[in-house]
Amino acid sequence: MTSHEGASTLGDMIMGTDAVRILLIDDDVELAEMLSAYLNREGFSVDVYHDGVSGLTAMTTSPTRPDLVILDVMLPRLDGFGVLKGMRDSIASPPVLMLTARGDDDDRIAGLELGADDYLPKPFNPRELVARVRAILRRITEPAGPSQEPFVVGSLSLDPARIEAQLAGITMMLTAAEFRILEFLARHLGQVVTRSDLTEHALARKLELYDRSIDTHVSNLRRKMNLTGVHGFEIRGVRGVGYQLARPASPLKPS
């Protein structure tokens, strides 16, 4: 199973044939109303909830799941981390953009480790929110590499069209960001790929100062690869540069 489904339909929505449905969960009523109005003007359909339980219930019981969730960390009844865990445990979950307090690295890292696709620190300009939303939607609908055809590298099988990855026949539950990181590294097997290039490819945005999102996604990806019990590949960190997908005994090669 993949974390994000229905890419072709969502792609049609982004092209303007239908409205992308966003679920916004934030207990700040005034902010939520302002963001909802702004997103509506940008062509998105927005449902708003002000506590974690109501938001999670809406996702798990509605016959039509949202295309993207904007989720605040600090929520009454059930915080954003509880909502995120409930989503990942119970449904084929949509991509999630976490809203965090500026400078709160613990919240940001915790959200990404639980499977959030990206984060945005408060306060922010609504235009920046829309840019992040569009970036997330692009990366789950647009081709991630030079081809959408499935390809195999040793024991690693990748299907870009379905955002599915297998290691020695064992399916890994990857987010869209994790899949794009793995695909990019696999297409550059043995080469060191910079954090900047990975950020642009996997998150569809520029690397920001003190931004550790890619590092957290890579950590999650390593953990999921290790859970398969297959040791045909490893992701190596190159201090101050980036990452390399390599076979365990292979030496580093310059990019």
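The values are calculated or read from the model by the stated rules, or taken from the named source; none is laboratory data. Fair warning: this is a prediction, and the values are worked out from it, not measured in the lab. No Cβ is skipped: glycine too gets one built from the backbone with ideal geometry, and neighbour counts run over all protein chains shown.
Among the numbered conditions (1) within 30 Å of Asp104 (Cα to Cα); (2) crowded, with 19+ Cβ neighbours inside 10 Å; (3) of a type outside the set (Lys, Arg), tell me where Met173 comes up short.
(2)
With the requirement that a residue be within 21 Å of the chain's Cα centre (by Cα) and not aliphatic (A, V, I, L, M), what does the range 16-62 give you?
Arg21, Asp26, Phe44, Ser45, Asp47, Gly52, Gly55, Thr60
May I ask you to say which residue of Arg236, Arg223 is outside any loop (DSSP other than H, G, I, E, B), out of contact with any helix residue (DSSP H, G or I) (no Cβ under 6 Å at 6 or more places or on another chain), of a type outside the set (Phe, Trp, Tyr) and modelled with pLDDT of 95 or more?
On the way: Arg223 fails: modelled with pLDDT of 95 or more.
Among Arg236, Arg223, only Arg236 is outside any loop (DSSP other than H, G, I, E, B), out of contact with any helix residue (DSSP H, G or I) (no Cβ under 6 Å at 6 or more places or on another chain), of a type outside the set (Phe, Trp, Tyr) and modelled with pLDDT of 95 or more.
Taking the condition in a loop (DSSP other than H, G, I, E, B), at pLDDT 90 or above, farther than 30 Å from Pro248 by Cβ and in contact with a Leu (Cβ under 9 Å, 6 or more places away or on another chain), does Leu78 pass?
Considered against the rule, which asks whether it is in a loop (DSSP other than H, G, I, E, B), at pLDDT 90 or above, farther than 30 Å from Pro248 by Cβ and in contact with a Leu (Cβ under 9 Å, 6 or more places away or on another chain), Leu78 comes out as yes.
Only one of (1) of a type outside the set (D, E, K, R); (2) under 17 Å from the mean Cα position of the chain (by Cα); (3) at positive phi; (4) at pLDDT 90 or above fails for Val96. Which number is that?
Val96 satisfies every listed condition except (3).
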